[in-house]
Amino acid sequence: MRPGGVQRRVRLRRQAREAGEEYISDGDLSRRVITEAKQTDQRAWLGEVSAVVLQQALADLNTAYRNFFTSLSGKRQGRNVAAPRYRSRKDNRQAIRFTRNSKFKTLDNGRLRLPKIGDLEVRWSRSLPSEPTSVTVIKDAADRYFASFVVTTAADESLPPVESEVGLDLGLTHFAVLSDGTKVTAPKFLRRAARKLKRLQQTLSRKTNGSNRRKKAVIQVARAHTRVADTRRDWQHKLSTTIIRDNQAVYVEDLCVAGLGRTRLAKSVHDAGWAAFTAMLEYKAQRYGRTFARVDRWFPSTRMCSACGRINDKMTLNVRTWDCPCGSRHDRDVNAAVNILAAGRADRLNDRRAQVRPGLVPAPRSEAVTHQNAARTARSVAGIAVL
């Protein structure tokens with residue numbers, strides 16, 4: 001799908017909004033940018049592709065506007081969504097989607113038949129469990145093509161129950177520290193590939209803008225970054241599957257990754273990929289019948305003693321072990337993972353209406369006595385409030 005068609009749709013609605021005109025309806029927009037545009041010489045190429053692809057591009061634009069309007073009204077949860085904008089010319093990713101109306105077909109010989117394109121050879125990663133309802137063909141920045149199918153699965157994938165539960169403390173030195181003391185070293189895929197990426201970026205900077213050699217250099221840089229991302233994703237999938245398979249419940253801290261990505265540790269934070277990893281844990285727990293929960297990000301998991309519950313002063317990052325006045329010696333990360341496990345269990349039991357709050361504790365004598373000037377102070381405060 002050429003970016004010009006999408007940009008024209010965005011431009012028409014943006015011009016209508018700036019001119020104070022009514023919002024262009026979906027039917028009007030489809031008629032103006034697809035049906036009538038095909039009759040012109042400049043947009044005659046729209047007839048070379050399936051009409052379903054054009055309609056799906058229009059549906060994506062409508063979804064983007066709907067998300068924008070619901071975000072403005074406050075009905076949409078999460079971060080604010082901006083209005084749709086023009087596609088960047090530097091964005092080399094392209095995608096088209098065929099629905100069942102387009103009559104695409106997976107053939108018996110393993111090929112994929114797409115309307116107005118023909119039969120394509122496909123290297124299948126797995127067999128489809130049911131008849132697909134749509135297929136999206138994606139071309140990424142590394143000049144690779146993928147076919148993503150939407151299918152319906154009804155099989156029960158629940159794993160047999162186990163007794164163990166685990167809390168995870170995510171970090172940079174160790175990617176994950178489990179409450180049982182297991183430490184997973186951070187692979188740092190981007191750091192390991194930094195020298196090669198630097199060399200490829202330097203080679204790209206020396207190429208002339210618009211030349212064929214620069215286009216080839218852009219693809220080489222994109223492939224290097226894609227290799228890093230694919231390696232990280234594969235490693236995270238294996239680790240998350242292992243954790244979900246071995247534990248009935250998994251608890252993690254609700255980290256503000258977007259905020260940490262604006263600090264001096266931004267490169268290491270993005271290299272770790274915490275958000276993608278926790279998302280994998282969440283959907284795999286739902287798929288396999290496990291429990292997944294997030295602990296409040298303001299919970300003092302690092303500073304709290306897992307033995308007595310005392311909350312100590314803030315500690316710098318170079319403090320890896322610390323002693324509690326109760327006599328316990330803690331590893332910083334293991335102690336945090338144990339506290340996350342306890343907090344996650346407490347929240348889960350509280351959801352089931354169990355009694356998880358501590359019992360009443362007698363007040364110290366210094367707080368229980370009646371001070372001599374307490375009543376006089378209270379009357380003074382009341383008088384000030386009335387005035």
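Derivation of every value follows stated rules applied to the coordinates shown; laboratory data play no part. Computed from a prediction, not measured in an experiment: that's the story for all the values here. In this analysis, Cβ positions are derived from the backbone assuming ideal geometry, glycine residues included, and neighbour counts consider all displayed protein chains.
With contributions of -39500 (n - 2.57) from each DSSP H run of at least four residues, the per-residue ellipticity at 222 nm computed over the chain stands at -13000 deg cm²/dmol. Remark on the chain: C256 stand apart, with no other cysteine beta carbon under 4.7 Å. The residue list N312, V257, A336 was ranked by how far each Cα lies along the charge dipole of the chain toward its positive end, using unit charges on Cβ atoms, and V257 comes out on top. Each part reduced to its alpha carbon centroid, the range 245-260 and the range 28-61 end up 44 Å apart. About its Cα centre, the range 223-355 has a charge dipole of approximately 280 debye under the convention of +1 per Lys or Arg Cβ and -1 per Asp or Glu Cβ, with nothing else charged.
Ignoring aspartates and glutamates fewer than eight residues from K188 along the same chain, the ones with Cα atoms less than 18 angstrom from its Cα are D169, D230, D234, D271. For the residues V218, V162, V250, a GNM of the chain with alpha-carbon springs under 10 Å puts the largest fluctuation on V162.
May I have the pair-distance distribution P(r) for the chain, computed from all Cα-Cα distances with 10 Å bins from 0 and rounded to whole percent? Spelled out per bin, shortest first, that is 4, 14, 20, 23, 19, 11, 6, 3, 1, 0.
Across the range 91-231, counting alpha-carbon atoms alone, Rg and Dmax equal 21.6, 62 Å. Here V184, V338, V269 are placed in order of increasing Cβ neighbour count within 10 Å, fewest first, which gives V184, V269, V338. For a straight C-alpha distance cut-off of 14 angstrom, the aspartates and glutamates reachable from K105 (same-chain residues fewer than eight places away being disregarded) are D119, E121, E131.
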